[in-house]
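The values are calculated or read from the model by the stated rules, or taken from the named source; none is laboratory data. Every value quoted in this text rests on a predicted model; they were computed, and no experiment measured them. Cβ atoms come from the backbone with ideal geometry, glycine included; neighbour counts cover every protein chain shown.
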Amino acid sequence: MKTLSLGFSPCPNDCFIFDAMLLGKIDTEGLKFKAVIQDVEALNKKAFKNKLDITKLSFFTYAHVQKKYSLLDSGAALGFGVGPMVVSTSNIKHLTSNFRVAIPGKNTTANLLFSLAYPKLKNKTEILFSEIEDAVLKEKFDLGVIIHESRFTYKQKGLKKIIDLGNWWEKKTKSPIPLGGIAISKKFPKDIQKKVERVIRRSVEFAFANPESSKVFVKKHAQEMDNKVIKQHIHLYVNKYSVSLGAKGRKAVSTLLKAIK
């Protein structure tokens with residue numbers, strides 16, 4: 001079996017999940033993996049071109065690549081209170097169509113949610129997610145759609161929350177928000193797909209059982225190096241749905257996919 005390319009972000013939740021399978025801490029059933037660690041929007045673009053064997057991707061992107069990729073049951077970022085947020089330098093009550101908005105990528109679930117909540121705000125610019133806070137603080141943009149660890153740092157940087165898009169979605173649908181999932185190329189037969197699924201689940205379970213084991217790997221790649229923020233990030237984004245989507249998780253994904261059509 002050749003080595004499979006595995007794309008995921010440098011964020012603590014992904015590194016926490018994949019540490020064990022990449023570093024040989026669990027049984028990989030003979031499979032080998034080559035890590036491709038990039039920003040989620042870069043991974044989304046690779047998914048559109050079918051460049052990776054296995055990859056983390058935004059569920060908004062998954063909606064458009066279902067003919068090329070199968071969604072795996074383990075490794076997802078999905079839940080309540082995990083959604084993207086819109087921030088600004090002041091408490092804005094009314095958002096107008098001329099506002100300049102920084103988004104972490106047009107193919108992200110964050111952009112999808114913002115577009116659903118504010119369809120008239122189209123003056124959007126894609127920039128790297130880790131640069132959005134500073135860009136808003138420098139008033140290059142009126143609003144920023146933040147994701148990942150930025151939800152733990154925006155307050156201390158002096159930014160104000162305008163809306164939590166995750167909460168907006170939860171109230172609208174009574175469903176957890178699906179942010180990103182793990183998908184495998186359909187070029188692989190079903191038995192290989194299921195084997196990869198088992199290995200990822202084993203890796204997540206190992207991470208939960210041995211939370212300190214991934215510390216070095218997580219710290220090596222984290223954008224935000226503060227230990228408290230890293231722990232908060234993992235605690236929020238890695239949960240029961242990361243082990244298995246289950247019926248509730250699959251229903252949540254289905255609800256989101258329907259909203260895209």
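General remarks:
- Residue within the stretch 101-124 that is among the hydrophobic types (A, V, I, L, M, F, W, C), surrounded by fewer than 19 Cβ atoms within 10 Å (Cβ to Cβ), in a helix (DSSP H, G or I) and in contact (Cβ under 8 Å) with a residue 24 or more places away in the chain present: yes
- Residue within the stretch 50-68 that is under 12 Å from the mean Cα position of the chain (by Cα), surrounded by fewer than 21 Cβ atoms within 10 Å (Cβ to Cβ), over 14 Å from I182 (Cα atoms) and in the same structural domain as L256 (by TED's automatic domain parsing) present: no
- Scope the stretch 132-146; condition touching a strand residue (DSSP E or B) at 6+ places or on another chain (Cβ under 8 Å) and either surrounded by fewer than 21 Cβ atoms within 10 Å (Cβ to Cβ) or among the hydrophobic types (A, V, I, L, M, F, W, C) (or both); matching residues: I132, E133, A135, V136, K140, F141, D142, L143, V145, I146
- The stretch 147-171, residues that are assigned to a loop (DSSP other than H, G, I, E, B) and either surrounded by 14 or more Cβ atoms within 10 Å (Cβ to Cβ) or among the β-branched types (V, I, T) (or both): I147, T153, Y154, L159
- If you check G83, G75 for being under 11 Å from the mean Cα position of the chain (by Cα), modelled with pLDDT of 95 or more and under 18 Å from P176 (Cα atoms), only one passes: G75.
- Which numbered condition K194 fails, given (1) buried (at least 17 other Cβ atoms within 10 Å of the Cβ); (2) at pLDDT 95 or above: (1)
- The stretch 29-50: number of residues that are without any contact (Cβ under 8 Å) to a residue 40 or more places away in the chain and out of contact with any Gly (no Cβ under 7 Å at 6 or more places or on another chain): 7
- One residue stands out in the stretch 208-228 among those that are under 22 Å from S58 (Cα atoms) and assigned to a helix (DSSP H, G or I): the one that is modelled with the lowest pLDDT, namely H221.
- Yes/no for G24 being out of contact with any His (no Cβ under 6 Å at 6 or more places or on another chain), farther than 15 Å from I182 by Cβ and small (G, A, S): yes
- For the residues K195, K157, the requirement of being out of contact with any Phe, Trp or Tyr (no Cβ under 8 Å at 6 or more places or on another chain) and free of Cβ contacts under 8 Å to residues at least 60 places away in the same chain singles out K157.
- Residue-level analysis places F141 among those that are at pLDDT 95 or above, among the hydrophobic types (A, V, I, L, M, F, W, C) and in a loop (DSSP other than H, G, I, E, B).
- Taken together, L31, L43, L52, L78 contain a single residue that is under 29 Å from F206 (Cα atoms) and part of a strand (DSSP E or B), which is L78.
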